[in-house]
1. So which of B:Q195, B:Q187 ends up being free of Cβ contacts under 8 Å to residues at least 24 places away in the same chain, out of contact with any strand residue (DSSP E or B) (no Cβ under 7 Å at 6 or more places or on another chain), farther than 24 Å from B:L238 by Cα and not hydroxyl-bearing (S, T, Y)?
2. When you go through B:G230, B:G280, B:G245, B:G264 one by one, which is the residue that is free of Cβ contacts under 8 Å to residues at least 24 places away in the same chain, closer than 17 Å to A:A276 by Cα, crowded, with 17+ Cβ neighbours inside 10 Å and within 14 Å of chain A (Cβ to nearest Cβ)?
3. Among the residues of region A:110-153, which ones are touching a Cys at 6+ places or on another chain (Cβ under 7 Å) and either polar (S, T, N, Q) or modelled with pLDDT under 90 (or both)?
4. Which of the residues belonging to region B:264-297 are assigned to a helix (DSSP H, G or I) and in contact with a helix residue (DSSP H, G or I) (Cβ under 7 Å, 6 or more places away or on another chain)?
5. Evaluate the following for A:T94: is it away from chain B (no Cβ under 14 Å) and closer than 20 Å to A:P309 by Cβ?
6. Can you pull out the residues in region A:301-320 that are in a helix (DSSP H, G or I) and crowded, with 18+ Cβ neighbours inside 10 Å?
7. Please return the ranges of strands (runs of 3 or more DSSP E) entirely within region B:1-103 where 2 or more residues are within 22 Å of the chain's Cα centre (by Cα).
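The values are calculated or read from the model by the stated rules, or taken from the named source; none is laboratory data. The structure displayed is predicted, hence computed values, not measured ones. Cβ placement follows ideal geometry from the backbone for every residue including glycine, while neighbour counts extend to all protein chains displayed.
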There are 2 protein chains.
Amino acid sequence: MAYSNTRVLLASRPQGLPQPENLTIETVEVPPLAPGQVLVKVELISLDPAMRGWMNEGKSYAPPIAIGEVFRALAAGQVVESQHPGFAVGDYVTGVLGAQQYMVRAGDAAQDPAYLRKVDTGLAPLETYLATLGMPGMTAYFGLLDTGQPQPANTVVVSGAAGTVGSVVGQIAKLKGCRVVGIAGDQAKVDYCVQELGFDACINYKTEDVAAALRAACPQGIDVYFDNVGGEILDTVLLQINLKGRIVICGAILQYNNTAPAKGPANYMMLLVNRARMEGILVGDNAVRFGDAAREMAGWLREGKLTTPKVQTEHGIENFLPTLNKLFSGENFGKLVLAP
Amino acid sequence: MAYSNTRVLLASRPQGLPQPENLTIETVEVPPLAPGQVLVKVELISLDPAMRGWMNEGKSYAPPIAIGEVFRALAAGQVVESQHPGFAVGDYVTGVLGAQQYMVRAGDAAQDPAYLRKVDTGLAPLETYLATLGMPGMTAYFGLLDTGQPQPANTVVVSGAAGTVGSVVGQIAKLKGCRVVGIAGDQAKVDYCVQELGFDACINYKTEDVAAALRAACPQGIDVYFDNVGGEILDTVLLQINLKGRIVICGAILQYNNTAPAKGPANYMMLLVNRARMEGILVGDNAVRFGDAAREMAGWLREGKLTTPKVQTEHGIENFLPTLNKLFSGENFGKLVLAP
């Protein structure tokens, strides 16, 4: 059977917010499978802030997407044809499937580092494997526990609090006996963090004086700050960081589309005053431990200690760009996915 | 016997570089000793960058010097009268003696947290106890070894390289088998680091393109950066930091007299790209381990593995302010002390 695959390619590198001319959308026919290969119908494309970085040239933790290449994307899908003994038609999988409707993949890690991982949709819905049990969940788990090192009764602040990473960070911190204060960009997200995720407080950075609100919400100061946003908020937190505090640099979404040079944290000398630490993390560094972490997180989900992630599903591969840009405008709420 | 004590008090808090009107110099008579007290003739006052911070109001790792208080200073001196059984006339001591000619001190830690420490001038000259075997040496030792964690064959970069801290950092890094690259502000300092301290290279940041010079001197990238200066140099190093690199924030002398808000390190997102760490240190946090560290450092000095520190001695308590300000103009070379 012939499959027609509509896909998104990177056409040029954006300055600031990505624009339509930076992408090409084209439809091609899927070639026949070679032995060892698998054809996956992409069901859900994950939209992640890191994608913006992949559009840039220059040194980063991952190579840039090449011009003319399919836009790199984590995704989940279902096997529709298989020439590989390890995969059967109907299996659900995740992997770096790209922003497209169909993906031909080799099924072996040895042949293909972005290999397919089979997932059990009986245990959790497919989108959970792009959220709590996927990269964002692993990012939260290792970033908070290994780098943030929260101790019972510590105060943990997390920005992007209602996001896929932030919501898991806050919930794990609660499980570890911490006081948890979120920072988010609208009232619905603030309410969600407090009422549904059980955060002790959450601050609306668009309507509140963040410095004053943090002082009120963190009377014992801030022991751990998990930063997804960068910019002014990081600077404000630095002024309230405790002795031996830990700042986990996970992202800086408020700066990703800057065309002006990024503003550094002017208050970084508070690291000296408080002998505090600021450390960058990358989820892939812990790949060998993903299995154990996912098992522990799946247990927490089953026991209701972690909520199932909020998901916002958009539709149509032609809507890839407006969907991606919702990450930067903050219009998304929960795990943002695109059904292509 | 009556002693006349000329001393420096803080009169007001400076904006930018300290000025004469920020200080009062006065002469008072030393009161008679009470039981348990010791009178110390101050021989050498240590000039340290941290003093600038103590002149400011506001939260820091040490309380500010109060207006009207004797200017806080580490110093070394000799006991000239004693009402304490643990100290005899003629003993050499170090402590927070202040910017003055005579200091009355209780001899017990229990009575006085800035208590006197007896030192052996047979083992090392008095000024060494204000340098390699004093706070700067301890800062270098613990900051480099505990926080910087240099591994053999790592590349270690240190700014303020010819200074009391930087010169010890670089020499210990060499002892640990690292490639060591200094950054300093004039050619004599550069030559001293390479020819006398055995650094592999040293960069003159006033005459060279620091980014290009670092790339040439650090072909394997930078694993550890020990930062004494802050500002642009920190930003430049961030662009060359290696995966899992460690940046030790010890000071930012190039920013201490800024009246404009400090500039943050705009390239701090390289911490994320490289999963690197930036951590502030304060020597006092390791006080319980000073004895062991000093014994190890004294051994290295005896064996010639550490050079005796270069010392620049100025004279006259009335020259306290111009001497202090040499730290910020970079006119000092080696450990700067004032014989009052």
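1. On the way: B:Q187 fails: out of contact with any strand residue (DSSP E or B) (no Cβ under 7 Å at 6 or more places or on another chain).
One residue alone meets the criteria, B:Q195.
2. Numbers: B:G230 fails: free of Cβ contacts under 8 Å to residues at least 24 places away in the same chain; B:G280 fails: free of Cβ contacts under 8 Å to residues at least 24 places away in the same chain; B:G245 fails: free of Cβ contacts under 8 Å to residues at least 24 places away in the same chain.
On inspection, the qualifying residue turns out to be B:G264.
3. If the condition is that a residue be touching a Cys at 6+ places or on another chain (Cβ under 7 Å) and either polar (S, T, N, Q) or modelled with pLDDT under 90 (or both), then A:T139 is the only one that fits.
4. B:A266, B:N267, B:Y268, B:M270, B:V283, B:N286, B:F290, B:A293, B:M297
5. It is true that A:T94 is away from chain B (no Cβ under 14 Å) and closer than 20 Å to A:P309 by Cβ.
6. Residues of region A:301-320 that are in a helix (DSSP H, G or I), as a first pass: A:301-302, A:317-320.
Correct list: A:L301, A:I317, A:F320.
7. Details: elements: B:4-10, B:23-29, B:37-46, B:75-82, B:92-95.
Qualifying strands (runs of 3 or more DSSP E): B:4-10, B:37-46, B:75-82, B:92-95.
For (1) over 26 Å from A:D146 (Cα atoms); (2) of a type in the set (D, E, K, R); (3) not assigned by TED's automatic domain parsing to the domain that holds A:R246, each residue gets a yes or a no:
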residue	(1), (2), (3)
A:G198	no, no, no
A:A201	no, no, no
A:Y205	yes, no, no
A:D223	no, yes, no
